[in-house]
Protein chains: 2
Amino acid sequence: MSRPYRFALIGCGFFAQNHLQAWAEMSDVELVATCDINPDSAAAAAETFGGTPYTDAAELFANEELDFVDIATTPPTHRMMVELAAQHQVAAICQKPLAWDMNDAQAMVRAMADADLPFMVHENFRFQYPMRKVKEVLDSGVIGRPFFGRISFRTAHDVYSAQPWCMDAERMIIADVSVHQFDLTRFFLGEPDRLFTEAIRVNPQIKGEDVATIVLGLPGATCIVDTSYESSSDHSTYPQTFVTIEGTDGTVTLGPDYHLQVVSPAGVHEEQLVIPEHSWASEPWNCIQDSVVNVQHHWIHCLESGQTPETSGADTLRVLDLTLGAYQSLDTGEPYRVGSML
Amino acid sequence: MSRPYRFALIGCGFFAQNHLQAWAEMSDVELVATCDINPDSAAAAAETFGGTPYTDAAELFANEELDFVDIATTPPTHRMMVELAAQHQVAAICQKPLAWDMNDAQAMVRAMADADLPFMVHENFRFQYPMRKVKEVLDSGVIGRPFFGRISFRTAHDVYSAQPWCMDAERMIIADVSVHQFDLTRFFLGEPDRLFTEAIRVNPQIKGEDVATIVLGLPGATCIVDTSYESSSDHSTYPQTFVTIEGTDGTVTLGPDYHLQVVSPAGVHEEQLVIPEHSWASEPWNCIQDSVVNVQHHWIHCLESGQTPETSGADTLRVLDLTLGAYQSLDTGEPYRVGSML
């Protein structure tokens, strides 16, 4: 591939606007095409950010010379888009969730591997600035060997007005949020062996679960993933994730409003993390918007260096396994042996 | 029974000093005898607090006219002491744990029931002043129907110097601490249906588990009980228990240093709880020492009114079931169906 990397954005909906803004910040990339089944969305994106608008992805791939494609459509179309990319020998970064079915996800990973193409999933939580800081603390060794984690996302924010699909989904908050916490669990602590799920529906107007608690067992460690859309607190911290990791020598905590605390033999270190600013970012989404930039920088770095992305397609199969396994545990009332679906 | 209630204290060890101090505060009770297999302990207690010292409980029961007996010996002797009390038609309050074996515990409950005698277990956590305040908030209805709880006890306090048995116990922190959190779960949320345990040993110098995480399922609610003797924090809060209960209308939190927060439709209420003082109490134990007074007042109130104690022997069988069930879950890797041992 030669710079600037020529790319297309497929799927120009709500969250894709963050992708477009973040790509526009970056040198070394050139948006050559946009694509959306809604012609207005594709045209609006092209008008603001450049490139030729398409409504048909097959046509886009047939017409354009691309180095990579950024797929930001809905999950049911991801497999088709990735297989098109593989056929046209185009690298791909794809929004999460990769798929909701292990068979589809495995087919996508296989297609890209067989074509020997870089393939990354846009999993933003581990690319959030505060999560990178927590990981730095863990990697520094100051808290020793981690043995306990809690990764907590609890809010009373009305998610249903912006995401009405949440009301009708049979599988809701685990699929929507816990999935990210599972990836953070792996990022901070490694690969779980087993998990057990408790989940309930508190809001009587929805179909799925809106409060979920999953306990994950790892070699020598335990991690709680707890998630809720029904939890009142003294002020809104939506969409923040809180993290506690305890180690043999200390504890690192990411609390409300990006307050980082590290307790170690060296003492207590407190730090108010400041999320990097972007002209197009705004609260409360700024941390997530910044993470899009980080995801995209990592992708470009991998294209340049040949390094396998942290959240490669193959890696993300493990997140899907944890997610589907969490539902299996909920359905059966039994623990799930992680990896059984891989 | 006629006032003052004539009672004896059996077992005059470390924690029994708190019992003695608390009884000495109360009118309506008269210490007529003390008993310990160590004659010096029995004599020292009798000299300071009154009564005739014994080294043999059978002799004590044969000689003295008692309204009740306060049993503060070690668990293996509880059954014998309670059966002696039943034989002599003497009401009994007994230190926790009632027993470590369901058969023993059931035999004790049966013996006292057959003799139609009041029988209470000295389970102090739910009688701690901050726990009564949390319960008041829940009972007031301001946070609506509770659907989530976390009852957390995490410390790096060196418990091994004061309790060397902890180092050699095959079953350690669940038996030592989680047992109290199970009773608090029941106090705040009701009776669990099922539980699942993850536990590990972090300190390589001990035999049992020192970090335990148990997730409990209740009708329409989930509760996490997490317990650790290896957790560093910014300052020691030992021996405090932290509580979060979320309801459909709000959240009540008991945080470090007895800080109570209630979030409800009425707003945010913050309160620094002040533990009632006693001349003989001292930090960090003052909250627990005060709870002994509360336990004993409840016992006397039950003797007077004929009310069944909150933590009656029969009630406490459920705590033992949860505790033994938590170990069964740990041993089998499967969830435990609560009540299977009852």
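Throughout, read-outs are computed from the coordinates displayed, never taken from laboratory work. Being a predicted model, the structure only gives us computed values, none of them experimental. We place every Cβ from the backbone using ideal geometry, glycine too, and count neighbours over all the protein chains shown.
For A:Gly208, the amide hydrogen comes within under 5 Å of the amide hydrogens of A:Ala169, counting only partners 5 or more places away or on other chains and with H modelled in the peptide plane. With Cα atoms defining each centre, region A:262-282 and region B:275-319 are spaced 45 Å apart in the structure. The GluC sites (Glu not before Pro) of region A:115-186 that meet both conditions, a loop assignment by DSSP and at most 11 other Cβ atoms within 10 Å of the site Cβ, are A:Glu170. When each of A:Arg3, A:Arg318 is scored by the number of other beta-carbon atoms lying within 10 Å, the sequence from fewest to most is A:Arg3, A:Arg318. To the nearest 10 degrees, how steep is helix A:39-49 against the longest Cα principal axis of chain A, on a 0 to 90 scale? The angle comes out near 90 degrees. Tilt of helix A:179-189 relative to the longest C-alpha principal axis of chain A, in degrees (0 to 90, nearest 10)? Long axis of A:179-189 versus the principal axis of chain A: about 60 degrees.
In terms of its Cα atoms, region A:252-293 spans 41, 17, 13 Å along the principal axes, sorted from long to short. Tell me, what is the FRET efficiency for B:Ala24 and B:Glu59 to the nearest 0.05, using R0 = 25 angstrom and their Cβ-Cβ distance as r? In this case the efficiency is close to 0.55. Compactness ratio for region A:1-78: Cα radius of gyration over 2.2 N^0.38 Å (N = residue count) comes to 0.98. The 3J(HN,Hα) values that the Karplus relation (6.51, -1.76, 1.60; θ = phi - 60°) gives for region A:278-293 are, in residue order, 9, 4, 8, 8, 8, 5, x, 8, 4, 5, 6, 4, 4, 5, 4, 4 Hz. Gly and Pro appear as x. Scanning residues 5 or more positions from A:Lys96 or on other chains, those with amide H under 5 Å from its amide H are A:His122, with H placed 1.01 Å from N in the peptide plane.
Sorted from shortest to longest, the distances between the A:Glu65 label points of this copy and the other copies are 11.1 nm, with each point 7 Å from Cα along the line through the beta carbon.
Estimated from helices alone, the mean residue ellipticity of chain A at 222 nm is -11000 deg cm²/dmol (sum of -39500 (n - 2.57) over DSSP H runs with n ≥ 4, per residue).
For B:Asp116, the distances from its label point to the matching points in the remaining copies are 9.2 nm, ordered from shortest, with each point set 7 Å beyond Cα toward Cβ. Enter the angle in degrees (range 0 to 90, nearest 10) between the Cα long axis of helix A:75-87 and the first principal axis of the Cα atoms of chain A, meaning the one along which they spread out most. Helix A:75-87 and the main axis of chain A meet at about 50 degrees. Derived value for chain B: Kirkwood hydrodynamic radius 20.9 Å. Basis is the mean of 1/r over every pair of different alpha-carbon atoms. Does the protein assembly as shown come out rounded, prolate or oblate by the C-alpha gyration tensor, with a ≥ b ≥ c the root eigenvalues, rounded set by a/c under 1.5 and, if not, prolate when a/b is larger than b/c and oblate if not? The shape class here is prolate. Who wins for biggest fluctuation among A:Glu310, A:Glu198, A:Glu59 in a Gaussian network model of chain A, springs between alpha carbons below 10 Å? Between A:Glu310, A:Glu198, A:Glu59, it is A:Glu59 that shows the largest mean-square fluctuation.
Computed from backbone phi with θ = phi - 60° and the Karplus coefficients 6.51, -1.76 and 1.60, the 3J(HN,Hα) list for region B:319-324 is 5, 5, 4, 5, 5, 5 Hz; x is used for glycine and proline.
Indicate, rounded to the nearest 5 percent, the antiparallel portion of the DSSP beta bridges found entirely in chain B. Restricted to chain B, the bridges split so that about 60 percent are antiparallel. Comparing A:Pro130, A:Pro239, A:Pro204 in a Gaussian network model of chain A where C-alpha atoms under 10 Å apart are linked, the largest mean-square fluctuation is found at A:Pro204.
Pairs of Lys residues in the protein assembly as shown that lie 8 or more places apart, or on two chains, and have C-alpha atoms under 28 angstrom apart add up to 6. Model label sites at A:Thr52 and A:Gln307, defined 7 Å from Cα along the beta-carbon direction, differ in position by 3.5 nm. Which of B:Val225, B:Val177, B:Val293 ends up with the largest GNM mean-square fluctuation for chain B, with Cα atoms connected below 10 Å? Sorting by GNM fluctuation, first place goes to B:Val177.
With its label point put 7 Å out from Cα toward Cβ, A:Asp168 sits 6.6 nm from the same residue's point in the other copies, in order from shortest. Amide H contacts of A:Phe148 (H built 1.01 Å from N, in plane; Pro and chain starts excluded): A:Thr222, A:Glu246 sit under 5 Å, all sequence-distant by 5 or more or on other chains. On full extension, the segment bounded by A:Arg110 and A:Tyr238 gains 42.4 nm, given 0.36 nm per residue less the C-alpha separation.
Taking θ as phi - 60° and the Karplus parameters 6.51, -1.76 and 1.60, the scalar couplings of region B:203-219 work out to 6, x, 8, 10, 8, x, 8, 10, 9, 9, 10, 10, 9, 10, x, 10, x Hz in sequence order, x denoting glycine and proline.
The distance from the alpha carbon centre of region B:37-109 to that of region A:1-37 is 78 Å, rounded to a whole number.
For A:Glu270 and A:Asp158, what is the calculated FRET efficiency with R₀ set at 22 Å and r taken between the beta-carbons, to the nearest 0.05? Efficiency at R0 = 22 Å is approximately 0.10. Over the Cα atoms of region A:196-342, the radius of gyration divided by the Kirkwood radius equals 0.99; this is the Rg/Rh ratio.
When the alpha carbon gyration tensor of region B:216-269 is reduced to an equivalent ellipsoid, the three semi-axes, largest first, read 24, 18, 6 Å.
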